[in-house]
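Here the structure comes first, spelled out in structure tokens, and everything after it is commentary.
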Amino acid sequence: GAGVSQSPSNKVTEKGKDVELRCDPISGHTALYWYRQSLGQGLEFLIYFQGNSAPDKSGLPSDRFSAERTGGSVSTLTIQRTQQEDSAVYLCASSLGGRFDTQYFGPGTRLTVL
Amino acid sequence: KQEVTQIPAALSVPEGENLVLNCSFTDSAIYNLQWFRQDPGKGLTSLLLIQSSQREQTSGRLNASLDKSSGRSTLYIAASQPGDSATYLCAVRTGANSKLTFGKGITLSVRP
């Protein structure tokens with residue numbers, strides 16, 4: 001079946017603009033995660049959804065970052081007033097939920113803020 | 001706060017060599033540990049997942065072990081091939097929030 005998909009694959013924006021990144025999880029996966037991978041920083045957790053609820057938003061770096069999930073499926077990560085330090089690869093993962101299952105990752109969106 | 005360490009950051013070996021990639025974590029109260037592979041410019045591919053109650057998992061030429069009490073995991077790759085060249089990431093899952101905490105990865109290069 002289809003894996004996790006993300007769009008766009010690349011996004012170049014100017015400092016101060018807002019951007020929206022989209023994630024389509026594997027069908028039937030109730031859990032969805034956003035991570036950020038920066039050069040030299042490794043992979044950092046941003047936010048976790050179980051269904052449409054986000055019980056853990058602890059990784060969002062500032063109030064410029066927000067995310068939502070609708071219909072227990074598609075999720076959108078929004079970054080307002082982008083800064084150069086927001087440049088990174090944003091990865092989405094989904095899983096069936098529960099403590100012991102595997103997270104499956106999408107190919108990521110590479111965001112460049114000029 | 002859970003911290004995951006992978007040392008060294010990079011490794012180069014000749015083709016055919018058996019090798020071990022190390023991962024250590026500071027909080028032994030984990031639910032599971034997962035090894036991933038990442039090719040340049042690509043997302044992550046899950047290789048092996050070890051439950052907290054398990055000691056090891058095997059898939060083909062890969063074997064991952066887990067020693068919770070000492071906070072360590074190893075990924076063993078048998079008979080390495082140039083196609084194994086990639087970055088290998090270790091990640092642990094702790095707490096009810098289900099997030100993964102990642103190491104920074106080991107970039108492996110297998111020379112023909």
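Label sites at B:Arg55 and A:Gln84, each approximated as a point 7 angstrom past Cα along Cα to Cβ, lie 5.3 nm apart.
When each of A:Asp56, B:Asp39 is scored by the number of other beta-carbon atoms lying within 10 Å, the sequence from fewest to most is B:Asp39, A:Asp56. Ordering B:Val4, A:Val12, B:Val92 from the fewest to the most neighbouring beta carbons within 10 Å gives A:Val12, B:Val4, B:Val92. A full extension of the chain between B:Leu19 and B:Ser70 corresponds to an added length of 16.3 nm, given 0.36 nm per residue minus the alpha carbon distance. Reported to the nearest whole Å, the Cα centre-to-centre distance from region A:1-73 to region B:63-84 is 29. Which is farthest toward the positive dipole end of the protein assembly as shown among B:Ala29, A:Val19, B:Gln6, measuring Cα position about the Cα centre, with Cβ charges +1 (Lys, Arg) and -1 (Asp, Glu)? The Cα lying farthest towards the positive end belongs to A:Val19.
Here the residues B:Ile106, B:Ile7, ranked from fewest to most Cβ neighbours within 10 Å of their Cβ, fall in the order B:Ile7, B:Ile106.
Of the residues B:Gln51, B:Thr87, A:Val74, the one whose Cα sits farthest towards the positive end of the charge dipole of the protein assembly as shown is A:Val74 (charges of +1 on Lys and Arg Cβ, -1 on Asp and Glu Cβ, taken about the Cα centre). What the Cβ-Cβ distance of A:Thr112 and A:Glu20 gives, at R0 = 22 Å and to the nearest 0.05, is a FRET efficiency of 0.90. Residue by residue along A:33-45, Cβ atoms of other protein chains within 10 Å of the local Cβ number 4 on average.
Hey, got a sec? Which trypsin sites (Lys or Arg not before Pro) in region B:28-112 land in a DSSP loop and have at most 14 other Cβ atoms within 10 Å? Mind showing how you got there, number by number?
On the way: sites: B:Arg37, B:Lys42, B:Arg55, B:Arg61, B:Lys68, B:Arg72, B:Arg93, B:Lys99, B:Lys104; in loops: B:Lys42, B:Arg55, B:Arg61, B:Lys68, B:Lys99, B:Lys104.
The qualifying sites are B:Lys42, B:Arg55, B:Arg61.
Computed from the coordinates by the stated procedures, all read-outs in this text should not be read as laboratory data. It should be emphasised that the depicted structure is a prediction, and the values quoted were computed from it without experimental measurement. All Cβ positions, glycine included, derive from the backbone under ideal geometry; neighbour counts span all protein chains shown.
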